[in-house]
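Novice: Quick one: the structure is below, and I'll ask about it shortly.
The values are calculated or read from the model by the stated rules, or taken from the named source; none is laboratory data. Please read these numbers as outputs of a predicted model, since none were measured by experiment. Please note: Cβ atoms are built from the backbone with ideal geometry, for glycine as well, and neighbour counts cover all protein chains shown.
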Amino acid sequence: MSKTECNWEPLSFEGLQTTSLKDRPSKVRIEDFAKPWAVGETLGCFIEKLPAILAADQFRDAAQAVAEAVRNDKTVILGMGAHPIKVGLNPVLVDAMEEGIIRGLALNGAGIIHDVEVALAGKTSEDVAAHLGCGQFGTARETAEFIHGAVAAAFKDGNMGLGRAVGRRLVAENVPFAHLSLLATAFRLNIPVTVHVAVGTDIIHMHPAMDGAAMGWLSHYDFKLFCRLVTTLHQGVFINLGSAVILPEVFLKAVSVAHNLGFGLDGITTINMDFQRQYRPQVNVIQRPTAGTGKGISLIGHHEIMFPLFMATVKECLSREK
């Protein structure tokens, strides 16, 4: 080590120029602080008392965007993975459809499996680790037979997609828990529901009754139907609830189709809701589809807490606009 390097001295701050806190712009003000909860207050009060900062502000903006779309008769599409079903959100989702909030529903392949199991048996979600080693994972007979029966009948008819096909059969057979089924509710209310299958990802693809041609045809029908829905998202809202790959990819392609065919998506709001940040939802839902034309909002939190709170807030917003 040289002599110069040994003689370094701390820098003096003696001549540092300071500014006034009073004059400095600040991003956080006490006016934006949260307000304490008072026992007996309403949900609306709770939402208003959240900080006007970061996610709390975005949460209110997202709920207001959905409420505004509903009030102006614009489209609100919910795309979701199967996890929201597995954490018990079907009653909240059914209510949102019945209240006219959700006007289009898109699921991945696992979504119809868990929804059908809820409708048939009032339960779903097996213990994978316990059943995998003995070769029994994904072998529930009733689940596969019901869905493949619906697929075969619809493929023969040739006039509907996978979501409507399964919903139709659930209603036709008056299954015990149809009132808690997203697919049955969508069929009953004539709400478009699309299912986007990746072959090999779902337990029913292992079943001997699996017809790849029929499943593929119905899912492709649903993709074209989903593209039609996306063309109506001018000043509308697309919500991605817990799909990390399939729905963000499908949505991006549908946005491209809409632009290619001359449909404007100005004023679109996209909302991604998940318990962690994922690459595809961030770029394919929040950033790319809204660039220069709309707004993307990311809300991070557990589905079983965040989504019921979000839907309740949307309903509160709508009630104030009546």
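Novice: Could you tell me which numbered condition K35 fails, if it satisfies all but one of (1) closer than 23 Å to H303 by Cα; (2) in contact with a Lys or Arg (Cβ under 7 Å, 6 or more places away or on another chain)?
Specialist: (1)
Novice: Which condition number does L233 fail, the rest of (1) among the aliphatic types (A, V, I, L, M); (2) touching a Lys or Arg at 6+ places or on another chain (Cβ under 9 Å); (3) closer than 27 Å to I112 by Cβ; (4) not in a loop (DSSP other than H, G, I, E, B) being met?
Specialist: (4)
Novice: Keeping to the range 179-220, report how many residues are assigned to a helix (DSSP H, G or I) and farther than 17 Å from A82 by Cα.
Specialist: 13
Novice: Quick one: P176 ticks every box in (1) surrounded by fewer than 24 Cβ atoms within 10 Å (Cβ to Cβ); (2) touching a residue at least 24 places away in the same chain (Cβ under 8 Å); (3) under 26 Å from M273 (Cβ atoms); (4) of a type outside the set (A, V, I, L, M, F, W, C) except a single one, so which number is it?
Specialist: With (1) surrounded by fewer than 24 Cβ atoms within 10 Å (Cβ to Cβ); (2) touching a residue at least 24 places away in the same chain (Cβ under 8 Å); (3) under 26 Å from M273 (Cβ atoms); (4) of a type outside the set (A, V, I, L, M, F, W, C) applied to P176, the lone miss is (3).
Novice: Next up: E316 - would you say it is more than 13 Å from the chain's Cα centre (by Cα) and not hydroxyl-bearing (S, T, Y)? Spell out how you get there, then give the answer.
Specialist: Details: more than 13 Å from the chain's Cα centre (by Cα): yes; not hydroxyl-bearing (S, T, Y): yes.
Yes: the conditions hold for E316.
Novice: From the residues in the range 181-202 that are surrounded by fewer than 18 Cβ atoms within 10 Å (Cβ to Cβ) and touching a residue at least 60 places away in the same chain (Cβ under 8 Å), which one is farthest from A258 (Cα to Cα)?
Specialist: Checking each candidate, the answer is T201.
Novice: Is there a residue being modelled with pLDDT of 95 or more, basic (K, R), closer than 23 Å to I297 by Cβ and in a helix (DSSP H, G or I) anywhere in the range 72-81?
Specialist: Checked against the condition, which is being modelled with pLDDT of 95 or more, basic (K, R), closer than 23 Å to I297 by Cβ and in a helix (DSSP H, G or I), the range 72-81 yields no hits at all.
Novice: Taking the criterion of being farther than 26 Å from G138 by Cβ, within 18 Å of the chain's Cα centre (by Cα) and aromatic (F, W, Y), would at least one residue in the range 256-271 satisfy it? Full working, then the answer.
Specialist: Taking the range 256-271 first, the residues farther than 26 Å from G138 by Cβ are 256-271.
If we keep only those that are within 18 Å of the chain's Cα centre (by Cα) as well, we get 268-271.
So of that shortlist, the ones also aromatic (F, W, Y) come out as none.
No, every residue in the range 256-271 fails to be farther than 26 Å from G138 by Cβ, within 18 Å of the chain's Cα centre (by Cα) and aromatic (F, W, Y).
Novice: Name every residue in the range 109-168 that is within 26 Å of A244 (Cα to Cα), among the charged types (D, E, K, R) and in contact (Cβ under 8 Å) with a residue 40 or more places away in the chain, in order of residue number.
Specialist: The one that is within 26 Å of A244 (Cα to Cα), among the charged types (D, E, K, R) and in contact (Cβ under 8 Å) with a residue 40 or more places away in the chain: D115.
Novice: Name the pairs: first residue in the range 43-65 and free of Cβ contacts under 8 Å to residues at least 60 places away in the same chain, second residue small (G, A, S) and surrounded by 15 or more Cβ atoms within 10 Å (Cβ to Cβ), Cβ to Cβ under 6 Å, at least 6 apart or on different chains?
Specialist: If the second residue must be small (G, A, S) and surrounded by 15 or more Cβ atoms within 10 Å (Cβ to Cβ), the pairs left are L50/A56.
Novice: Among the numbered criteria (1) at pLDDT 95 or above; (2) buried (at least 24 other Cβ atoms within 10 Å of the Cβ), which one does G242 miss?
Specialist: (1)
Novice: Could you list all residues from the range 205-222 that are of a type in the set (G, A, S) and out of contact with any helix residue (DSSP H, G or I) (no Cβ under 9 Å at 6 or more places or on another chain)?
Specialist: G216
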